[in-house]
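The structure appears below as structure tokens.
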Amino acid sequence: MAMDAHDVAVTKPIPLRHPWRWAGGALLIGLAAAFVQLLVFNANMQWGVVGAYLFDGEILAGLGRTLLLTALAMIIGLAVGMLLAVMRLSDNPVFQAASWAWIWFFRGVPPLVQLIFWYNLALLIPRIGIGIPFGRAFVSWDTNVLITPFSAAILGLSLTESAYAAEMIRAGIKAISTGQSEAAASLGMSRIQALRRIILPQALRILIPPIGNDTISMLKFTSLVSVLALPDLLYSAQMIYSRTYQTIPLLIVVTIWYLVLSTALTFMEHYIEHAMAVGRTAPARLVPRTSWWRLARA
Amino acid sequence: MTQPRPTGKTVPLLRIVGLRKSFGPVEVLRDVSLVVETGQVTCIVGPSGSGKSTLLRCLNRLEVPDGGAIYLDGLLVGVTEKNGRLYEMSPKALATQRQAMGMVFQGFHLFPHMTALENIIEAPITVKKQPREEAIRSARELLRKVGLTEKADAYPQQLSGGQQQRVAIARSLAMQPKLMLFDEPTSALDPELVGEVLAVMKQLAQEGTTMVVVTHEMSFARDVANQVVFMDGGVIVESGPPAEVLSHPRHARTRTFLARVVS
Ligand SMILES: Nc1ncnc2c1ncn2[C@@H]1O[C@H](COP(=O)(O)OP(=O)(O)OP(=O)(O)O)[C@@H](O)[C@H]1O
Ligand SMILES: [Mg+2]
């Protein structure tokens, strides 16, 4: 006997079974358990040593330098990048070409090569001065005094970041509709006034997520400076384990700190994005999240 | 003698002479001439693509014309004449001229990161260097005028289309322009919101604001305009009082257009 339409409508259907979801889930849980066992009960991990070094003075000093490098490289990189983006979008062909060449160069040279190059700048230019090209210099300094591992690191990291930030900011500016510039112009605002008051504030709001991304990547890539013997988080740990041979536990200390910092940065980015978005987001096209680190990894 | 000024005792507020503009091979404006007297409302009507927006955008030089001249208050717009030759104006001088022409866009183009009040006080403060207190006082007065006193602190996306357009009108008025340009100010609005914007424009007209309005609202043109201009194919086909152009058009093209719009 067939049920009529009315009966079917009131009968609660039996939910569809998903046996493969269960099987896949069980498999993953098993693997995760094995991994935790490996981490926790493997004597080579030496959790006691990890705990002892997690807040060690030398490690914390390295952590501080990593944070300082990240902050300075991002601030300088974004400031220069903004200037490059505006130059690239200007009507002046010399500005456009200069900006293009800068971006081409600093995107093309690997950051590691740059770090070493900047550190050895004295071999190329023994003295750095301010004066007239081909004429005499008014003031000059010994390059070996100016270039320390720290300044070489800041140069290498921030200049590379500037090239990627420039492309990102340019995309952000172009994502703001021309209607906004036209509205500003029709009110008698100059191009600079429109850029500063109308376009950039909106572009920066769109750019918070990609800037956050770049900051997290920068945090990790500051570890390249160990090549200059600059005691950042990683190099501080390396110096310790070269004395004590506790390689794995110290690398775990480093790993924990990088994870803590990148997680904190992620939360910060979400917080800022939220705080700035309330009631004021611009209708804008999506900006590609360019990240030079992602390209470097590819 | 530099600029040829009309010799009569009054100079028309706006005089367009032989204006031409092409986009690539396409001639969008072909020898357009038009006079707008102070305190008058001019409505420009015509089919899509006839060059209405382009004409309006040439007036405040959002589009650079290829030929012809525009005089605002007897002075050339966007160019200066010296020894019989025309020179492009500096961006600064152009910006100063633009202050005298308010423009209201079809898509509002309010600044989304600013409240209604901030939108209105922005240009008076940054451009005219008006003291903030004074700018806020006049902005509140303008908000009252467009019926949005209680929306001063709302962001554009919290406002309806009609409210946004009224804020945009107030924003333009805050610069105390001599001339207001409207490019289809109600075309992006839901039908039930058109009335509130037209009411504000009607009030401005009654107060003697000089306005050039591109519109498809024939009843507004009929009731408010002193002059109606019908454009087609980049030329002004005919112009005159609304009673003539809208009720007794002389040209077949005008009749065809009106028959289509009214039905
Ligand atoms: N920036 C531009 N580049 C190329 N062509 C353009 C540009 N702006 C306008 N045009 C062309 O010029 C012609 C006139 O355009 P315009 O926007 O002035 O017409 P309109 O009368 O305002 O029409 P509508 O009623 O649809 O707004 C159209 O054919 C359009 O495609
Ligand atoms: Mg148009």
Percent antiparallel among DSSP beta bridges (both partners in the stretch B:147-263, rounded to 5):
50 percent
Can you list the GluC sites (Glu not before Pro) in the stretch B:1-99 that are in a DSSP coil and have 15 or fewer other beta carbons within 10 angstrom?
B:Glu37
Just the number, please: carbon plus sulfur as a percent of the accessible area of the stretch B:125-263, 1.4 Å probe, no ligands or DNA/RNA counted.
48 percent
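What is the Å³ per residue value for the convex hull set by the Cα atoms of the stretch A:135-265?
That works out to 159 Å³ per residue.
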For the protein assembly as shown, percent of DSSP beta bridges that are antiparallel (nearest 5) comes out at 60 percent
Mind pulling the per residue volume of the convex hull built on the Cα atoms of the protein assembly as shown? Å³ is fine.
300 Å³
For a quick check: with amide H placed at 1.01 Å from N, whose amide H comes under 5 Å from B:Val41's, ignoring anything fewer than 5 positions away on the same chain?
B:Met211, B:Asn226, B:Gln227
Evaluate the distance, in nm, between pseudo-label points positioned 7 Å from the Cα of A:Ile248 and of B:Val262 along their respective Cα→Cβ axes.
9.2 nm
From DSSP H assignment alone, runs of 4+ in chain B each adding -39500 (n - 2.57), the sum over residues rounded to the nearest 500 puts [θ] at 222 nm at -10500 deg cm²/dmol
Taking only the alpha carbons of the stretch B:78-146, the radius of gyration and the largest Cα-Cα distance, Dmax, both in angstrom, are 15.8, 49
Counting sequence-distant residues (5 or more places) and residues on other chains, those with an amide H built under 5 Å from that of B:Gln130 are B:Ile125
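How much of the pair distance distribution for chain B lies past 36 Å, counting alpha-carbon pairs only, in percent? Mind dumping the intermediate values first?
On the way: 4987 of 34453 pairs.
Beyond 36 Å sits 14 percent of the P(r) for chain B.
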Whole-number Å³ per residue for the convex hull built on Cα positions in the stretch A:23-168:
202 Å³
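Tell me the mean residue ellipticity at 222 nm calculated for chain A from its helices only (DSSP H runs of n ≥ 4, each -39500 (n - 2.57), averaged over every residue, nearest 500).
After summing the helix terms and dividing by residue count, I get -23500 deg cm²/dmol.
Summarise the long-distance tail of P(r) for chain A by giving the % of C-alpha pairs beyond 26 Å.
Numbers: 27440 of 44253 pairs.
For chain A, the share of Cα pairs beyond 26 Å comes to 62 percent.
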For the stretch A:200-261 and the stretch B:102-132, distance of Cα centres in Å:
44 Å
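What does the buried accessible surface come to for A and B, summed over both chains, with the probe at 1.4 Å? Round to 100 Å². Spell out each step's value before the answer.
Numbers: alone 18470 and 12900 Å², together 29340 Å².
Roughly 2000 Å² of accessible surface disappears when A and B pair.
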Among A:Ala137, A:Ala52, A:Ala277, determine the one that fluctuates most according to a GNM of chain A built with springs between C-alpha atoms less than 10 Å apart.
A:Ala137
What number results when the radius of gyration of the stretch B:66-203, computed over Cα atoms, is divided by 2.2 N^0.38 Å?
1.17
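Partner chain Cβ atoms within 10 Å, averaged over the residues of A:188-194 - can you pull that number for me? Walk me through the numbers before you get to the answer.
Working: counts 17, 7, 7, 2, 1, 5, 2.
Going residue by residue through A:188-194 and averaging, the value is 6.
Please return the longest stretch of chain A lacking exposed loop sites, where trypsin sites (Lys or Arg not before Pro) count only if DSSP places them in a loop and at most 14 other Cβ atoms lie within 10 Å. Before the final figure, lay out each step's value.
Details: sites that count: A:Arg17, A:Arg136, A:Arg285.
Longest run free of exposed loop sites: A:137-284.
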Highest GNM mean-square fluctuation among B:Met175, B:Met231, B:Met114, for chain B with Cα springs under 10 Å, belongs to B:Met114
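Using a 1.4 angstrom probe, figure out how much accessible area the protein assembly as shown has per residue, in square angstrom, rounded to the nearest whole.
On the way: 29340 Å² over 561 residues.
Value returned for the protein assembly as shown: 52 Å² of accessible area per residue.
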Output wanted: per-residue J couplings in Hz (rounded whole) for the stretch B:146-152, from phi through Karplus 6.51 cos²θ - 1.76 cosθ + 1.60, θ = phi - 60°, x for Gly and Pro.
8, x, 10, 3, 7, 9, 3
Listed by chain and number, the residues whose amide H is under 5 Å from that of B:Glu238, excluding neighbours fewer than 5 places away on the same chain and using placed H, are B:Phe230
For a quick check, take a GNM of chain B with Cα springs below 10 Å and name the residue from B:Pro112, B:Pro177, B:Pro65 with the largest mean-square fluctuation.
B:Pro112
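I need the calculated FRET efficiency for the pair B:Lys92 and A:Asp56, taking r as the beta carbon distance and R₀ as 45 Å, to the nearest 0.05. Kindly include the intermediate steps, with their values, before the conclusion.
On the way: r = 61 Å, r/R0 = 1.35.
It comes out at approximately 0.15.
Which whole number gives the average count of other chain Cβ atoms within 10 Å of the Cβ atoms across peptide B:109-120?
Numbers: counts 10, 3, 10, 13, 12, 5, 2, 0, 0, 0, 2, 0.
If you average over the peptide's residues, the count of other-chain Cβ atoms is 5.
Hey, got a sec? Which chymotrypsin sites (Phe, Trp or Tyr not before Pro) in the stretch A:132-214 land in a DSSP loop and have at most 11 other Cβ atoms within 10 Å? Numbers along the way, then the final one.
On the way: sites: A:Phe134, A:Phe138, A:Trp141, A:Phe150, A:Tyr164; in loops: A:Phe134.
Of the chymotrypsin sites (Phe, Trp or Tyr not before Pro), the ones in loops of the stretch A:132-214 whose Cβ has at most 11 other Cβ atoms within 10 Å are A:Phe134.
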Based solely on C-alpha atoms, express the radius of gyration and the Dmax of the stretch B:132-261 in angstrom.
16.8, 55
Using θ = phi - 60° and the Karplus form 6.51 cos²θ - 1.76 cosθ + 1.60, what ³J(HN,Hα) does each residue of the stretch B:40-55 get, whole Hz, x for Gly and Pro?
9, 10, 10, 9, 9, 10, x, x, 4, x, 7, x, 5, 5, 4, 4
Of the convex hull enclosing the alpha-carbon atoms of the stretch B:199-263, the direction-averaged projected area in nm² is 4.5 nm²
So, in Å, what gap is there between the alpha-carbon centers of the stretch A:120-147 and the stretch B:26-81?
57 Å
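Pop out the carbon and sulfur fraction of the accessible area of chain A as a percent, whole number, probe 1.4 Å. List each step's numbers first, then the result.
Numbers: 12370 of 17420 Å².
Carbon and sulfur together cover 71 percent of it.
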Rounded to whole Hz and in sequence order, give me ³J(HN,Hα) for the stretch B:25-30 from the Karplus expression 6.51 cos²θ - 1.76 cosθ + 1.60, θ = phi - 60°, writing x for Gly and Pro.
x, 8, 7, 9, 10, 10
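The values are calculated or read from the model by the stated rules, or taken from the named source; none is laboratory data. As the structure is a computational prediction, the values presented were derived from the model and not from experiment. Ideal geometry is used to build each Cβ from the backbone, glycine not excepted, and the neighbour counts take in all protein chains shown. The area values use the complete protein model at the heavy-atom level, side chains included, leaving out ligands, DNA and RNA. Shrake-Rupley method; radii C 1.70, N 1.55, O 1.52, S 1.80 Å.
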